[in-house]
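Worksheet for the structure shown next.
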């Protein structure tokens, strides 16, 4: 198939490209506000400074950049949009449109005009799908994010510092910068990610995918400060890192077992103490990390991700969207 889309999250896009289709991704324009180091905020959705963040993942051969004006003239089998803002820009395409929701959506975030042109909506988890109510019947399903276990593995944990990952954390309230600041004032934390200038413990974006993998393998502990399970946290668990997190608001908590495959803290002080405890106990780190990896192996399976996406794409293109 010929698929039109736009930048959203390079790690996700990289795995989606493995579906094997011909993918055209729109080059961002003035619609995107860039930070000093090339990261941009697109009305709530991350995009790399260009069409693809090559520091995060290498661009596959089947992904091609395209100008917006060329995209609106070309023919595609299906269009995948990731925000309502991008849907506004791509609403005139002459193919079915799938809305991919990556985060917990706010109430009534899909306007009536958007419902009229969306063929299907897909979500990362069950709580998000239940939160979205449309005024007309639209096909909805859940496809969990993928993490490749053959790539994300090999935890060593020989660097006694804590890793946290977030981009543009200062302009994204859900990333809990205040919480992270409190923990970082007690425990040794490095914040990796683009657009975090001015934060004392921020060390910038990983310079390559290989460096990102090295961070996961060598840092002793991973910290998730949000109340949702990020893709970075899932990647850390797949590598075999011990993770410290806060109580989650989404149903992925069903596979999280405090003291078995993660450690859950209720306060910033407790999180800092837990991190320091793990620094001092390599046996506990290894146990938690091994259990973390085992717990995510099936839940975030890359083969299932590709199969489910291909099934959805075929249903949308063929107009076979009855449940």
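Any idea which residue in the stretch 292-302 is surrounded by the fewest Cβ atoms within 10 Å (Cβ to Cβ), counting only those that are in a helix (DSSP H, G or I) and touching a helix residue (DSSP H, G or I) at 6+ places or on another chain (Cβ under 9 Å)? Per the stated criteria, the residue is 297.
Which of the residues belonging to the stretch 137-152 are in contact with a strand residue (DSSP E or B) (Cβ under 8 Å, 6 or more places away or on another chain) and within 25 Å of residue 300 (Cβ to Cβ)?
Here is the first cut: in the stretch 137-152, the ones in contact with a strand residue (DSSP E or B) (Cβ under 8 Å, 6 or more places away or on another chain) are 138-143.
Within the stretch 137-152, 139, 140, 141, 142, 143 qualify.
Of all the listed residues (198, 178, 193), the sole one being under 18 Å from the mean Cα position of the chain (by Cα), modelled with pLDDT under 95 and either over 17 Å from residue 272 (Cα atoms) or surrounded by fewer than 23 Cβ atoms within 10 Å (Cβ to Cβ) (or both) is 193.
Residue count for the stretch 110-136, restricted to those that are touching a strand residue (DSSP E or B) at 6+ places or on another chain (Cβ under 7 Å), surrounded by 17 or more Cβ atoms within 10 Å (Cβ to Cβ) and touching a residue at least 60 places away in the same chain (Cβ under 8 Å): 5.
Every residue, every condition in (1) closer than 17 Å to residue 313 by Cβ; (2) touching a strand residue (DSSP E or B) at 6+ places or on another chain (Cβ under 8 Å); (3) modelled with pLDDT of 90 or more, yes or no:
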site	(1), (2), (3)
17	yes, yes, yes
25	yes, yes, yes
30	no, no, no
42	no, yes, no
52	no, yes, no
58	no, no, no
66	no, yes, yes
75	yes, yes, yes
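In the stretch 275-284, what count of residues is obtained for those that are surrounded by fewer than 21 Cβ atoms within 10 Å (Cβ to Cβ) and in contact (Cβ under 8 Å) with a residue 12 or more places away in the chain?
As a first pass, look at the stretch 275-284 and keep what is surrounded by fewer than 21 Cβ atoms within 10 Å (Cβ to Cβ): 276-277, 279-284.
In the following step, the residues that additionally are in contact (Cβ under 8 Å) with a residue 12 or more places away in the chain were identified as 276, 279, 282, 284.
Qualifying residue count, the stretch 275-284: 4.
Yes or no: the stretch 158-170 includes at least one residue that is exposed (fewer than 14 other Cβ atoms within 10 Å of the Cβ), under 28 Å from residue 274 (Cα atoms) and in contact (Cβ under 8 Å) with a residue 12 or more places away in the chain. Looking through the stretch 158-170, at least one residue is exposed (fewer than 14 other Cβ atoms within 10 Å of the Cβ), under 28 Å from residue 274 (Cα atoms) and in contact (Cβ under 8 Å) with a residue 12 or more places away in the chain. Taking the stretch 49-99, which residues are without any contact (Cβ under 8 Å) to a residue 24 or more places away in the chain and part of a strand (DSSP E or B)? Those that are without any contact (Cβ under 8 Å) to a residue 24 or more places away in the chain and part of a strand (DSSP E or B): 97, 99. Against the list (1) surrounded by fewer than 15 Cβ atoms within 10 Å (Cβ to Cβ); (2) outside any loop (DSSP other than H, G, I, E, B); (3) touching a helix residue (DSSP H, G or I) at 6+ places or on another chain (Cβ under 6 Å), the condition residue 269 fails is (3). Per the conditions (1) within 28 Å of residue 71 (Cα to Cα); (2) over 20 Å from the mean Cα position of the chain (by Cα); (3) modelled with pLDDT of 90 or more, the sole criterion not satisfied by residue 157 is (1). Among the residues of the stretch 221-240, those that are buried (at least 23 other Cβ atoms within 10 Å of the Cβ) and within 21 Å of residue 270 (Cα to Cα) comprise 221, 222, 223, 224, 225, 229, 233, 236, 237.
For the stretch 100-210, the helices (runs of 4 or more DSSP H) that sit wholly inside it and include 3 or more residues that are over 21 Å from residue 88 (Cβ atoms) are 126-131, 177-184.
The values are calculated or read from the model by the stated rules, or taken from the named source; none is laboratory data. Quantities reported herein were computed from a predicted structural model and do not represent experimental measurements. Cβ sites come from the backbone with ideal geometry, for glycine too, and all protein chains shown count toward neighbours.
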